[in-house]
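Okay, so here's the structure we're looking at.
Please treat every number below as a calculation from the coordinates, not as lab data. From a predicted model like this one, the values you see are computed outputs, not experimental measurements. Positions of Cβ are backbone-derived with ideal geometry, glycine not excepted, and every protein chain shown enters the neighbour counts.
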């Protein structure tokens with residue numbers, strides 16, 4: 001009786017996961033830094049899978065931040081953001097970026113957790129333009145072939161654009 005109950009619960013979980021993934025997916029996700037808070041969306045990958053991306057504004061103090069009333073729109077952007085991505089049944093990844101005056105001044109605290117197996121070749125890069133940061137990694141599952149992953153964040157005006 002227990003195996004049937006467990007199989008039923010597992011099947012319901014899969015159908016729930018499938019229903020959640022039916023939300024519209026595009027190739028990029030644009031986070032509005034003026035709105036802030038937590039925002040999520042699905043990004044469609046080359047293989048047709050849907051990558052769940054979440055960006056969270058973090059209340060961490062940033063050094064040399066000015067709060068005069070004339071730069072209120074810039075003060076909104078001078079924050080730290082947590083970029084999270086999850087490819088169900090494969091991996092979860094995240095990293096933090098600090099944005100100051102519409103430039104990525106720091107990319108740090110990268111984490112990659114595979115569903116099974118191990119992570120290799122993980123690297124977090126803040127590009128010299130200071131407008132883009134990317135986390136690249138390779139997941140070697142216990143069963144199956146290696147799968148590469150990437151989370152790219154780019155500043156474009158008042159938006160933080162996340163792509164695969």
Residue 146 label point, 7 Å along Cα→Cβ, cut-off 13 Å on backbone N: hits in the stretch 108-135? 118-123
Measuring from centroid to centroid over Cα atoms, what is the spacing of the stretch 144-160 and the stretch 100-118 in Å? 10
Taking the Cβ-Cβ separation of residue 35 and residue 127 as r and a Förster radius of 25 Å, what is the calculated FRET efficiency to the nearest 0.05? 0.50
Segment residue 108-residue 120, length gained on full extension (0.36 nm per residue, minus Cα span): 2.6 nm
If you take the square roots of the eigenvalues of the alpha-carbon gyration tensor of the stretch 24-163 and sort them as a ≥ b ≥ c, do you get rounded (a/c under 1.5), prolate (a/b over b/c) or oblate? prolate
Fewest-first ranking of 50, 44, using other Cβ atoms within 10 Å as the exposure measure: 44, 50
